[in-house]
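The block underneath contains the structure these notes are about, expressed in structure tokens.
The values are calculated or read from the model by the stated rules, or taken from the named source; none is laboratory data. Since the model is a prediction, treat every value here as computed from it, not as a measurement. Accessible surface is based on the protein model in full, side chains and every heavy atom, while ligands, DNA and RNA are left aside. Shrake-Rupley method; radii C 1.70, N 1.55, O 1.52, S 1.80 Å.
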Amino acid sequence: MTAHSSNFASNRHFQSGAALIVSLIFLLIMTILALSMSQTTTLEERMAGNARDANLAFQGAESGLKSAVTYMNGISDAGPTVVSNSVDLTNQDDSWWTANGFEYGSSSQELTALNSDPHYVVKPYALNVADSPMRDGGSITTYYQMVGRSRGNSTESEAVVAEIYGHKVR
């Protein structure tokens, strides 16, 4: 037994803390990986939130456009109330849309996930010849550009969609 105990003592003498150093390096690598994955997860979560917000804005603008189609289908032959064709809709702020646009739906159709209700406007739209209606077998078709605009859940996202609509007057 003395040979075995002297062998154990000599092995203990040759250990220089290599296991501790390897463990600390391994722990450092695991910490770096965990921090990196945490940052990636946070970034992906923000991207998903922004995509949801953009989708909400788009759906709101589409709802506004659908209201414009309903409005155009219900108007008389006298024609719709429209904004000037010279108005550049891409540079208008919220107050302009509130003052000049039609609000989506009614109080029973509120879109609660949006920052504010969608709006739409109707503008004259001429095909080929400026300001001339198209004739089609005794009826006159006048074309309009309908534009729907909405914000998402935040004020950072905005969607604008447009559609050309032909209104026949007999």
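Condition first: small (Gly, Ala, Ser), open to solvent by less than 40 Å² (accessible area, probe 1.4 Å) and modelled with pLDDT under 85. Now tell me which residues in the stretch 63-104 satisfy that. If the condition is that a residue be small (Gly, Ala, Ser), open to solvent by less than 40 Å² (accessible area, probe 1.4 Å) and modelled with pLDDT under 85, then Gly79 is the only one that fits.
Do the conditions hold for Leu114, that is, is it open to solvent by less than 40 Å² (accessible area, probe 1.4 Å), at pLDDT 80 or above and assigned to a loop (DSSP other than H, G, I, E, B)? For Leu114, the condition - open to solvent by less than 40 Å² (accessible area, probe 1.4 Å), at pLDDT 80 or above and assigned to a loop (DSSP other than H, G, I, E, B) - is met.
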